[in-house]
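Participant: Okay, handing you the structure first.
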Amino acid sequence: MKISAIRILYCLIFFSVMASALSGCFYLNRYQRDGNIALHCLKEPVTVIRDEKGMPYIYAKNIDDLITAQGFVTAQDRLFVMEVIKLLVKGRLSELGGDKTRELDIRSRTIGFYRNAKKHAAILQEEDKQFLQAYVNGVNAYIETRKEYHPLEFKLTGIKPELWNIEDSLAIMYYMGWNSAANLRGEIIAQMLIEKLGIKKAREIFPLNINPDENGIQTDMFITSVQPENIGLIRDRSILSYAAYESFHIGSNNWAVSGMFTESKMPIVANDPHLKSSILPGPWYPSGLISPEGRAVGVMIPGLPGMVIGRTDHFAIGVTNAYGDTQDLYIETVDPENPDNYLEGDKSIPFEMIHETIKIKDSSADSGYREEKIKIRLTRRGPVMSHALKGLKTDKVVTMRWSIFESMNPSLGFTGLLKSKTVDDIRESLRDVTTTVLNFVFADKNGNVGWQTTGRLPVRSQGEGLIPYPVKDGRDNWERWIPFEEMPGSYNPEKGWVGTCNHKTITSEYPYYYSSHLSPSYRYRRLKQLIQTPGRKNIDDHWQFQRDTLNLMAKDIAPIMARALQLNDDTKEMGNVLESWNHHDDADLTGPAVFQSVYREFALLVFQDEIGEDLTLTMLETWYFWQERLAHMVLSGKSQWFDNINTKDKTETLDDLFHEAALTAKEKLSEILGDDLSEWKWGTVHQMEFVSPIRRDGFGKGLLGGGSHPAPGSGESLYRGLYKFSEPYNVLVPASLRMVTDLGDDEKILAVLSGGVSARLFDPHVKDQVEPYMNGEKRYWWFSDQAIKEHSKYELVLQPISNP
C-alpha cells in the first residue's frame, strides 16, 4: 500500500511538473493578441477583440479590410494547418511527409484540384477575385511581417510557410467539394459486385434509399440503359484509393424552424456538421466579421474567406452534405494500335498528357529531397484513375468525370451570401455555388425559413449513375444540367420547418436521377419526432436535440435480434439485455454495445459467403451502400442471403445468423471487457479521441492531445458517433461543431467546437472546448457589441501604413 501511494505521489508530481512545463511552453509558440500592428495591406484601422475562448471579433470600416483582417487572424491561429492543407491539395505533401504521402500527392495531382483552380481563377469576376485576394493579402501579411511569431510547428517539421495566392484558396474549395461528391466508391463497389455475382444477383444488394416524408416509399436505385461491362476491376483495387481520399468524411444534421414552433416566436436554426474531428483543434475556424455593411458571426474552413455556418444581422444558416451525384466513372478503351491513344468507337484520340514532378523528402538525398516525375493521362471525360485493365480484346482504363470542373462560374456565390438579407437573397446567392453539393438551411428575421441544394448535377442519358459507363462512341452521356430551379429545396413549407440529415430528400416524382449514395433515414426520422412533439421549444431544447441518442434502427431491429438470441442458452443473457434496452446509444449502457457488435458480425455473415471476405469488407466500409438494404431484409424476416451457401445440408435463417453473430461478438467483447455482461458499457469501446497533429501516437500523445472520452451516439442517432466498420468502435465521424441560434436573441449564439480556436502547439485554446463539447456544457459565440465588449480578453489594432 505504501509503495502504491508513493508511486501515485510521484505520478502526480510528474504530471504537475509536465503541466507547468507545457504551460510555460505557450510562450515558445505565442503571437501578438493585443497592442498595435502596422500593415501595408489595409486602408483603415481594424480592431480585433478576442474573447475568453480566443475567438476573434473583427471590426473594420470596409469589406476589403474586414476580409484582409480575417486572413491575418486566421493565419495567427492556423497558419501551420493551412500550409499542410495547401500542400495536400497541390500534391506537395511529400515535401513534408516523404514516401508516406507520395501516393496522396499522385492522387491530388491526378484529380487536379490545383490544376483546375488555376483555370477557375482566370475566369473569376472582379468582385469574387477581390474577395479572395483580400483574404490572401491578410494571410501573406502575417507570413511576411510576423516571422518571429510563426507557429513553432514549422521549426519542428522543417518546412517554411509560402506566400498564398487565390488559386490556393480555390483548390481548398475544390477539395472540400470532392469530399461531398457522393458515390465514387459506390460505383466501384457496384462494378465489383456485378463482376462477382452478375447483374441480376448484384441488384439484390444495391443501395436502397427512403425518403421518410413519403410514408415509407422505397426506391431501388438501378434504372439504367447501360449494359455492364466486365473489366476485371475486382482484381485491381488501386482505384479504391481515390474513393478512400475523403479525409473530412462529411455528413451532418441541420434544421430551421419557424416562429410557430419557438418560445421566442422567431426562427431557430441548428447545425452540427459531421466531419472527422479527432485532430485538434478541429476543422472549423470561428470569427466575428463586423463592418458598416453588416455583422456575421460563424465559422469557415481555414484558407477560405467569409462565413458558411452562423448568423448575420438578417439571417442564420447551416449546411449538410447533400450527396448529389456529381461524379461518374467511365470505362475507356486503349487503342491497341497506339497505347498513347484511346478509342471513341472507331476514332482514335490521343490522351492528353500532363507531366509533373513530385518533390519527396528523403534523408539519403544530398539536398534532403529527391524528385520523381509522373505522367497523368486524360481523356475528354477526365483523368485516368486505374491501371491498365484487361478487357475481352483490348486494354481498358477507368477515367473520372466531375461536374465541378465543368461548371465553373465567374461568381462563387459566397460573396453575395454575406450581403443577403432575406431567404430570397440567400437562394439567389446559392445559385452560383457550383463548387460543392450542400444542403443549406436558413431563416431570416422576417420569419421565413428555407432549404436549398447547391451544385450542378448532370442529366444522364442512361438514367442513373451507379455503375461505370462504357464509352462506345463520341456521344456525351451528360445531356445537360438539372436546372437550379429544379434542384431540391423548400421555402416556408406548410409544416413550418425544414431539415436535412444527408437522407433522401427528393420524392418519387422527382424527374431526375439525383444520387445512389444517401444516408439511411433514421436520423431524419428522429428529427421529425422531436420537432413535431407538442409545445413551443427554446434554444436549449434544440441543443438537446443535437445530443439525442435514440437509435431508431435499433428500435426496429433490436426486438427481432433479442428474440433470436433468447432462443439459445449461450446467448439468452444478451437477448435479455436487448429486450430491456431503451434503444438509446448512451455511453453508460450495455444495450448499444451488444446491438452494435452483434449487428456488425451479422452483416459479415450475410454477405461474405457469397461475395468473399475482401469484397464484403470493401462494401461494408461504405455504410450508406448497404445499411438500409440490410435493415429491410431483417424487417421482412426472409432473404436468400441469410442462407450460407457453404453449408449444403442446411438452410440458415435470420435467427441462425443472429445467434452465430452473437457468439462471435460475445467472444470478441469478452476479450476486451471481460465475461461480466453488465460491465459491457458502450462508452468503454466507443471512444472519441482527440490528438495533436504533431503527436498522434506514442509518448506525449496524451499530454499534447485532448484525451480519449467515452462517446454516446452511433451512426444512426442524431448524436453522431459513426465508426469505421473495419476498425470498431472508436468514433471516426462526430459533430465537428454544434450551433443553435435563435433569431430572437441578438446577444449570443449557442455553439461549441470539437477542440478549440487555435492550432498552435501549447496554446490554451487548442483543446479548451473538448470538455464542454463532450459533456454538453454550453458555450457561446457573442453577437452584440455589448456582449463582445463584456467578454473581451484581448484587443489588437491593425494599423494601415502607406506604401513608400
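The values are calculated or read from the model by the stated rules, or taken from the named source; none is laboratory data. Predicted model, so just to flag it, every value in this text is computed and none were measured. Glycine also receives a Cβ, built like all others from the backbone with ideal geometry; neighbour counts cover every protein chain displayed. SASA here: full protein model, heavy atoms, side chains in, ligands and nucleic acids out. Shrake-Rupley method; radii C 1.70, N 1.55, O 1.52, S 1.80 Å.
Participant: Give the percent of DSSP beta bridges with both residues in the chain that are antiparallel, rounded to the nearest 5. Don't skip to the end; give the middle numbers.
Facilitator: Values: 101 of 114 bridges.
Percent antiparallel among DSSP bridges in the chain is about 90.
Participant: Work out the FRET efficiency for Gln529 and Gln566 from their Cβ-Cβ distance, taking R0 = 22 Å, and round it to the nearest 0.05.
Facilitator: Numbers: r = 28 Å, r/R0 = 1.29.
E between Gln529 and Gln566, to the nearest 0.05, is 0.20.
Participant: Determine, from the Cβ-Cβ distance of Asn492 and Tyr512 and an R0 of 25 Å, the FRET efficiency 1/(1 + (r/R0)^6), rounded to the nearest 0.05. If you can, show how the numbers build up before the last one.
Facilitator: Working: r = 24 Å, r/R0 = 0.96.
Efficiency at R0 = 25 Å is approximately 0.55.
Participant: Okay, moving on. Compute and list, largest first, the equivalent-ellipsoid semi-axes of the range 501-555 from the alpha carbon gyration tensor, each √(5λ) rounded to a whole angstrom.
Facilitator: Ellipsoid half-lengths, sorted descending, are 26, 14, 10 Å.
Participant: Moving on. Between Asn646 and Asp697, what length in nm is gained on full extension when 0.36 nm per residue of separation is reduced by their alpha carbon distance?
Facilitator: On the way: separation 51, 0.36 × 51 = 18.36 nm, distance 4.19 nm.
Result: 14.2 nm gained on full extension.
Participant: Here's another thing I want to ask about it. Before rounding to the nearest 500, sum -39500 (n - 2.57) across all DSSP H runs of length at least 4 in the chain and divide by the residue total; then give [θ] at 222 nm in deg cm²/dmol. Each step should come with its number before you reach the end.
Facilitator: Details: 25 runs with 276 residues, N = 804.
Result for the chain: -10500 deg cm²/dmol, rounded to the nearest 500.
Participant: Calculate log10 I(q)/I(0) of the range 687-788 for q = 0.11, 0.17, 0.22 Å⁻¹, where I(q) comes from the Debye formula with a single equal point scatterer on each Cα and nothing for solvent.
Facilitator: -0.41, -0.86, -1.19
Participant: Hey, another quick one. Using 0.36 nm times the number of residues separating Glu671 and Lys147, minus their current alpha carbon distance, what extension gain do you get? Don't skip to the answer; put the middle values down first.
Facilitator: Values: separation 524, 0.36 × 524 = 188.64 nm, distance 5.22 nm.
Contour length minus Cα-Cα distance gives 183.4 nm.
Participant: Stokes-Einstein at 25 °C, 0.890 mPa s, Kirkwood radius from Cα pairs: D for the range 500-654 in µm² s⁻¹?
Facilitator: On the way: Rh = 17.8 Å.
Stokes-Einstein gives a translational diffusion coefficient of 137 µm²/s.
Participant: Straight-line reach from Lys528: which aspartates and glutamates fall under 17 Å, measuring Cα to Cα and dropping same-chain residues less than 8 apart?
Facilitator: Filter leaves Asp213, Glu214, Asp272, Glu494, Asp541, Asp548, Asp556, Glu716.
Participant: Return a single number: how many Lys pairs in the range 572-687, at a sequence separation of 8 or more or on separate chains, have alpha-carbon atoms below 20 angstrom apart.
Facilitator: Numbers: Lys572/Lys666; Lys572/Lys668; Lys572/Lys681; Lys638/Lys648; Lys638/Lys650; Lys666/Lys681; Lys668/Lys681.
Value for the range 572-687: 7.
Participant: Here's a follow-up. Provide, for the range 329-414, the number of lysine pairs with alpha carbons under 24 Å apart, each pair being eight or more places apart or on different chains.
Facilitator: Value for the range 329-414: 11.
Participant: What longest region of the chain stays clear of GluC sites (Glu not before Pro) that DSSP places outside H, G, I, E and B and that have at most 16 other Cβ atoms within 10 Å? Walk me through the intermediate numbers first.
Facilitator: Details: sites that count: Glu52, Glu162, Glu204, Glu246, Glu263, Glu293, Glu337, Glu494, Glu509, Glu747, Glu777.
The answer is 510-746.
Participant: Continuing with the same structure: When only DSSP loop residues count, what trypsin sites (Lys or Arg not before Pro) in the range 462-500 have their Cβ near at most 12 other Cβ atoms within 10 Å?
Facilitator: On the way: sites: Lys472, Arg475, Arg480, Lys495; in loops: Lys472, Arg475, Lys495.
The qualifying sites are Arg475.
Participant: Treat each spin label as a single point 7 Å out from the Cα along the C-beta direction, and report the His632 to Glu790 distance in nm.
Facilitator: Taking the simple label geometry, His632 and Glu790 are separated by 5.4 nm.
Participant: Taking each full run of DSSP H in the chain as one helix, which ones are at least 24 Å long along their axis (Cα atoms) and have mean Kyte-Doolittle hydropathy of at least -0.5?
Facilitator: Details: long enough: 2-25 (34 Å, 1.59); 63-89 (30 Å, 0.94); 126-145 (27 Å, -0.62); 591-611 (30 Å, 0.50); 654-673 (27 Å, 0.08).
TM-like helix candidates: 2-25, 63-89, 591-611, 654-673.
Participant: Now a separate question. In whole Å, how far is the Cα centre of the range 653-711 from that of the range 459-507?
Facilitator: 39
Participant: Say the dipole of the range 546-648 comes from +1 at the beta carbon of Lys and Arg and -1 at that of Asp and Glu; which of Phe602, Leu550, Ile560 then lies farthest toward its positive end?
Facilitator: The residue sitting most towards the positive pole is Ile560.
Participant: If you take the alpha carbon radius of gyration of the range 397-533 and divide it by 2.2 N^0.38 Å, what ratio comes out, to two decimals?
Facilitator: Expressed relative to 2.2 N^0.38 Å, the Cα Rg reads 1.19.
Participant: Residues of the range 262-285 with the amide nitrogen closer than 17 Å to a label point 7 Å from the Cα of Gln544, along Cα-to-Cβ, please.
Facilitator: Correct set: 262-264.
Participant: Which value, in debye to the nearest 20, gives the size of the charge dipole of the chain about its Cα centre, when Lys and Arg are +1 and Asp and Glu are -1 at the Cβ?
Facilitator: Details: 91 positive and 107 negative charges, 279 e Å.
The dipole of the chain has a size of about 1340 debye.
Participant: A follow-up question, please. Residues with beta-carbon under 10 Å from that of Val73, excluding Val73: net charge, scoring Lys, Arg +1 and Asp, Glu -1?
Facilitator: +2
Participant: Turning to a different aspect of this structure: Could you give the spread of the C-alpha atoms of the range 647-700 along their three principal axes, from largest to smallest, in whole angstroms?
Facilitator: 56, 27, 16
Participant: Another question about this same structure. Of Lys61/Lys789; Lys201/Lys555; Lys445/Lys748; Lys537/Lys748, which ones are farther than 21 Å apart at the Cα?
Facilitator: On the way: Lys61/Lys789 18 Å; Lys201/Lys555 30 Å; Lys445/Lys748 15 Å; Lys537/Lys748 18 Å.
Those over the limit are Lys201/Lys555.
Participant: Report the net charge of residues surrounding Ile106, where surrounding means a beta-carbon distance below 10 angstrom and charges are Lys +1, Arg +1, Asp -1, Glu -1. It would help to have the intermediate numbers written out before the result.
Facilitator: On the way: positive: Arg102, Arg107, Arg109; negative: Glu103, Asp105, Glu356, Glu372.
Charge balance in the 10 Å sphere: -1.
Participant: Could you pull the Cα extents of the chain along its three principal axes, largest to smallest, in whole Å?
Facilitator: If we take the Cα atoms of the chain, the spans are 87, 78, 65 Å.
Participant: Then there's this: Can you figure out the FRET efficiency of Arg370 with Asn179, using R₀ = 30 Å and their beta-carbon distance, to the nearest 0.05? Intermediate results must be reported in sequence, preceding the final value.
Facilitator: Working: r = 30 Å, r/R0 = 1.02.
That gives a FRET efficiency of 0.50.
Participant: A follow-up question, please. How big is the charge dipole of the range 545-658 about its Cα centre, in debye rounded to the nearest 20, if each Lys and Arg gets +1 on its Cβ and each Asp and Glu gets -1 on its Cβ? Numbers along the way, then the final one.
Facilitator: Working: 9 positive and 21 negative charges, 67 e Å.
It comes to approximately 320 debye.
Participant: Quick check: net charge around Leu163, other residues with Cβ under 15 Å of its Cβ, Lys/Arg +1 and Asp/Glu -1?
Facilitator: Values: positive: Lys86, Lys90, Arg92, Arg146, Lys147, Lys160; negative: Glu83, Glu144, Glu162, Glu167, Asp168.
Within the 15 Å Cβ shell, the charges total +1.
Participant: While we're on this one: Working out 0.36 nm times the residue gap between Glu103 and Ser363, then minus their Cα-Cα distance, what length gain in nm do you get to one decimal?
Facilitator: On the way: separation 260, 0.36 × 260 = 93.60 nm, distance 1.86 nm.
So the extension gain works out to 91.7 nm.
Participant: For the chain, report the accessible area per residue in Å² (1.4 Å probe, heavy atoms, rounded to an integer).
Facilitator: Values: 31030 Å² over 804 residues.
It amounts to 39 Å² per residue over the chain.
Participant: Let me ask another. The range 645-744: which trypsin sites (Lys or Arg not before Pro) are DSSP loop and have at most 10 other beta-carbon atoms within 10 angstrom? Could the numbers behind the result be given before it?
Facilitator: Numbers: sites: Lys648, Lys650, Lys666, Lys668, Lys681, Arg695, Arg696, Lys701, Arg720, Lys724, Arg738; in loops: Lys648, Lys650, Lys681, Arg695, Arg696.
Here the sparse-neighbourhood loop sites are Lys648, Lys650.
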